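Single-structure report; data block below.
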């Protein structure tokens, strides 16, 4: 191996997808699989977006048909109300099988992967990295020019880690003979907890309890199993588990949402849960890991082939991570706000943490075609990183405090080309007429409505 080697630490979805995208771009990365397959069943719900993203790197959903089944029914006892949904969007899988199949696909496509490789030490050098790892009971030294950290929550490359929501402990177990139907999911909220479960087959039901360790009263000497089952006893839906049999040991994990402040630099990038961890209520973890991995590969390509834009690419990656966190907090806050009727309960109050930015948006009245309109003084165009092809490039982006991210393109057209001038006051109809010379008139109307509703365009008497 030489200093040009791209080494990926971790063979979960984030690491493998980064490798496959880099392979598409002409690189030959090496993956060190740092985690052994324990064989423990771990049910997971996958959003349809997972497979749309995989298709962009040439992996069809048909390759997963044996281990990913459409959800047939979901049962949700949320806010003391029972909701049953038939054929909701999404798929169920055993996460261990999903990860294993993804690794096999990568190997079959020429990705170099060393299984059961434990990183012992990591040294940053002027040329890149010296990685000492153990494989086949032997210690080896690998020199790499660029490092991808996909090692999971513990993260081999350390930086400042920030918690973004209340602490959450997940306790998971597999149950036999519960009576649940296969390919179904179950959710339930209680006074200071919530649960999610899934039936992967007629024999095994996977049930996870989510608690706040800082609020849960755990009497001294009470074991994990007793704590777990005591909560199941309180439920309407999950108490059925207790009529069955617990298979194997329970697994406890910290699933508190977080992000690392510095997810990328000139010689490394963090992907998946080495970069950001999401609240499990969103069911978006795998999809976001895969989307981030594809972005990461493009950022790497930019750093290595276009050094003048390396800093732009690094900033782009960090901005997308922060954007993901902001949108995620808004989404989970809405879910948690609806979970339990007594809103003063600390468990739920602590999880409804959205900034309520929407409450700050200006109220806009209907405008006539003759209404004179101008751009807000807070609006402007500024250089913004965005993906063009397989590199991060700089384009002008429309910015404003109420825009969640700069608008660089509108329906495949660069925004600065559409807007032309942002100076002056014109009638509403005149703004749309000008933009309609460059894009479809309906697209121009949609753009106008978006900018009006976000306070980017304001009425004036000038």
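The values are calculated or read from the model by the stated rules, or taken from the named source; none is laboratory data. Because the structure is a prediction, the values reported are computed rather than measured. Positions of Cβ are generated from backbone atoms using ideal geometry, with glycine treated the same way; all protein chains shown enter the neighbour counts.
Being more than 19 Å from residue 283 (Cα to Cα) and in contact (Cβ under 8 Å) with a residue 24 or more places away in the chain is a condition met by at least one residue of the stretch 62-76.
Could you check, for the stretch 244-251, whether at least one of its residues is surrounded by 14 or more Cβ atoms within 10 Å (Cβ to Cβ), part of a helix (DSSP H, G or I) and touching a strand residue (DSSP E or B) at 6+ places or on another chain (Cβ under 6 Å)?
no
Only one of 424, 455 is under 32 Å from the mean Cα position of the chain (by Cα) and not in a helix (DSSP H, G or I); which? Break it down into steps so the answer makes sense when it comes.
Working: 424 fails: under 32 Å from the mean Cα position of the chain (by Cα).
Exactly one residue qualifies, and that residue is 455.
Among the residues making up the stretch 134-157, those that are surrounded by 13 or more Cβ atoms within 10 Å (Cβ to Cβ) and in a loop (DSSP other than H, G, I, E, B) are 145, 150, 151, 152, 153, 155, 156, 157.
Give the residues of the stretch 117-133 that are outside any strand (DSSP E or B) and either surrounded by 17 or more Cβ atoms within 10 Å (Cβ to Cβ) or modelled with pLDDT of 90 or more (or both), sorted by residue number. Hits for the stretch 117-133 are 117, 125, 126, 128.
No other residue among 237, 211, 195, 232 is surrounded by 15 or more Cβ atoms within 10 Å (Cβ to Cβ), within 21 Å of the chain's Cα centre (by Cα) and under 25 Å from residue 81 (Cα atoms) apart from 195.
Based on what the data block shows, is residue 136 assigned by TED's automatic domain parsing to the domain that holds residue 19 and under 27 Å from the mean Cα position of the chain (by Cα)? Considered against the rule, which asks whether it is assigned by TED's automatic domain parsing to the domain that holds residue 19 and under 27 Å from the mean Cα position of the chain (by Cα), residue 136 comes out as no.
Sort out which residues of the stretch 144-154 are modelled with pLDDT of 90 or more and under 21 Å from residue 115 (Cβ atoms), and write them in order of number. Result: 144, 147, 148, 149, 150, 151, 152. Here the strands (runs of 3 or more DSSP E) wholly within the stretch 53-113 that include at least 2 residues being more than 28 Å from residue 16 (Cβ to Cβ) and under 24 Å from the mean Cα position of the chain (by Cα) are 73-78.
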